[in-house]
1. For the stretch 71-117, max minus min Cα coordinate along each principal axis, in Å, sorted largest first?
2. Cross-link list LYS3/LYS65; LYS2/LYS65; LYS37/LYS85; LYS3/LYS37: which exceed 18 angstrom alpha carbon to alpha carbon?
3. Treating the beta-carbon of each Lys and Arg as +1 and of each Asp and Glu as -1, no other charges, what is the dipole magnitude of the chain about its Cα centre, to the nearest 20 debye?
4. Shape verdict for the stretch 242-315, please, from the Cα gyration tensor: rounded (a/c under 1.5), prolate (a/b greater than b/c) or oblate.
5. For the chain, what does the relative contact order come out to in percent, with C-alpha contacts under 8 Å and a separation of six or more?
6. At 7 Å along Cα-to-Cβ for each site, give me the label-to-label distance between TYR108 and THR201 in nm.
7. Sketch the reach of a paramagnetic label on ALA274 as a point 7 Å from Cα along Cα-to-Cβ, and name the residues of the stretch 83-105 whose backbone nitrogen lies under 16 Å away.
8. Which whole number in µm²/s is D for the chain by Stokes-Einstein, with the Kirkwood Rh taken over Cα pairs at 4 °C and 1.567 mPa s?
Amino acid sequence: MKKILVTGAVGQIGSELVAFLRERFGNDNVVAAGHAKPPDPDLRDAGPFHFIECTEIASVAAVVKQHRVDTIYHLAAILSASAEKHPQKAWQVNMNGLYNILEVAREYGCAVFTPSSIAAFGPGTPREGTPQVTVQRPTTIYGITKASGELLCDYYFLKYGVDTRGVRYPGLISYKTAPGGGTTDYAVEIFFEAVRRRRYTCWLREGTRLDMMYMPDALRAAVEIMAADPARLVHRNAFNITAMTVSPERLAAAIQRVIPEFTMDYDIDPLRQAIADSWPNRLDDTAAREEWGWAPKYDLAAMAEDMIANISKRS
Ligand code: AKB
């Protein structure tokens with residue numbers, strides 16, 4: 001039976017991934033770890049929870065040893081917009097945190113899932129149909145930590161045989177736990193504002209296209225890549241994956257099909273606009289499809305309907 005540790009368990013992905021993994025592997029076999037108390041009682045009480053600081057290797061090693069962990073989903077990270085405001089802290093958490101996880105994995109023989117991001121690309125990258133292997137010269141500190149993290153994970157596999165795997169997540173859309181500090185967070189906020197106030201002021205300019213994905217697909221991707229036959233994996237870490245390419249006006253139109261009175265205007269945030277402008281418009285995820293059978297289930301319309309139905313139930 002697997003013994004899994006999820007870091008960043010209180011965040012947007014982590015809080016849902018813990019529940020998703022506990023359903024599959026049993027509550028006691030999935031250890032949630034974060035640096036804040038989970039507000040959700042299910043997350044707090046359904047299985048083990050530990051406070052850990054990924055920047056302190058001893059706190060990671062102690063939990064891995066205590067629970068005989070064999071697989072780590074390492075989600076603790078500072079996202080793009082927050083990272084631009086606190087670059088030194090972002091480096092510390094995103095790079096030193098990952099280094100500590102990989103070192104503990106090397107010592108205790110764990111497999112490691114690490115999410116990279118569309119942010120690992122930069123303005124010099126082909127924007128349309130961005131290939132799996134291409135120019136990576138990110139200009140944000142978050143992107144630099146993601147591109148470096150991809151290389152570090154490759155290194156730990158090649159040098160030490162640590163079973164590192166990962167995907168490049170696009171913007172993730174979900175309703176259970178709010179994202180924090182990301183550039184693509186507008187694509188979550190817009191749904192809450194649409195349901196509550198029927199209008200939204202968007203911080204990205206009309207026409208800003210970015211890859212996005214609904215959370216159920218993102219969770220499945222994390223579990224499927226870890227279960228993939230290693231003999232078929234050519235790339236291992238940092239697979240491009242996408243489900244839809246979305247601009248603010250396309251998202252608004254999808255919402256208007258369910259809430260016709262919804263309106264949107266714009267108040268551009270120069271920081272987040274500059275970050276978005278440095279990222280690709282649409283990734284090519286052929287390698288993930290070919291090497292481990294990746295296929296998203298939710299397109300824009302299906303995601304929008306499900307988001308609105310679920311937020312309406314909770315409001
Ligand atoms: C962000 O906006 O920073 C993240 C990401 C695309 O990695 N959602």
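Nothing in this text is a laboratory measurement; each read-out follows from the coordinates by a stated rule. Being a predicted model, the structure only gives us computed values, none of them experimental. Neighbour counts run over all protein chains shown; Cβ positions are idealised from the backbone, glycine included.
1. On the principal axes, the stretch 71-117 reaches 36, 17, 11 Å in Cα extent.
2. Numbers: LYS3/LYS65 11 Å; LYS2/LYS65 14 Å; LYS37/LYS85 25 Å; LYS3/LYS37 21 Å.
In this structure, LYS37/LYS85; LYS3/LYS37 lie more than 18 Å apart at Cα.
3. Here the size comes out at about 260 debye.
4. Numbers: a/c = 2.55, a/b = 1.21, b/c = 2.10.
Since a/c reaches 1.5 but b/c is at least a/b, the shape of the stretch 242-315 is classed as oblate.
5. This gives 18 percent for the chain.
6. Simple spin-label model gives 4.7 nm for this pair.
7. Answer for the stretch 83-105: 83-88.
8. Here the translational diffusion coefficient equals 66 µm²/s.
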